[in-house]
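Student: Got a structure here, written out as structure tokens. Questions coming.
The values are calculated or read from the model by the stated rules, or taken from the named source; none is laboratory data. Not measured: the values here are computed from a predicted model. Because the Cβ atoms are built from the backbone with ideal geometry, glycine has one as well, and the counts that use them run over all protein chains shown.
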């Protein structure tokens, strides 16, 4: 089996970076959680990165291709993902502890980290565009005599790591910016903006057509 060349790996990593820096649901989720604690933003980043790898695995074993063969199932998954984004956006508006501590004790902090991780991985798993991305790009980067499954897993790992590193950077910068400003009103405004963006993205996800 032919191996992926180093230039090919760097080219794919660059593509992943371009996609990662484009604001999306994961960026706004990291921003919202990081306003309380950068660790929560890192948990969201970990969830999003792992979700991308799971989609790569689904593509590798043929599940994503099977999903695209049934447009109704693809549409249902897209709608569920959009509804979940709307839920996250609305729940963000309803929260009153945007600048409060992430938790009252270690047990509560653990629950907060789990919830943040869930907010990162669930929207990714409910976003069929991630699977469609791998279906589209793997043939462009895979050598002719290579195993599609192994190449997909390698590229999925690269995409997950690149997304994780970028989102962690966003989390750290956002958390430090809030501490530097030391203005709860600024944090609340940023929290409301990120929540509103999530809700809008949810509506757009439901409304847009997903091409298999």
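Student: Do the conditions hold for residue 176, that is, is it exposed (fewer than 15 other Cβ atoms within 10 Å of the Cβ), at pLDDT 70 or above and either in a helix (DSSP H, G or I) or in contact with a helix residue (DSSP H, G or I) (Cβ under 6 Å, 6 or more places away or on another chain) (or both)?
Tutor: yes
Student: A further question on this structure: Please work out which one of (1) under 13 Å from the mean Cα position of the chain (by Cα); (2) at pLDDT 90 or above; (3) closer than 22 Å to residue 85 by Cα is the condition residue 114 fails and give its number.
Tutor: (1)
Student: On the basis of being touching a residue at least 40 places away in the same chain (Cβ under 8 Å) and closer than 24 Å to residue 140 by Cα, does residue 50 make the cut?
Tutor: Yes: the conditions hold for residue 50.
Student: Another question, then. Show me the helices (runs of 4 or more DSSP H) found entirely inside the range 11-111 where at least 1 residues are under 18 Å from the mean Cα position of the chain (by Cα) and at pLDDT 80 or above.
Tutor: Where helices (runs of 4 or more DSSP H) fall fully within the range 11-111 and carry at least 1 residues being under 18 Å from the mean Cα position of the chain (by Cα) and at pLDDT 80 or above, they are 25-34, 38-60, 71-94.
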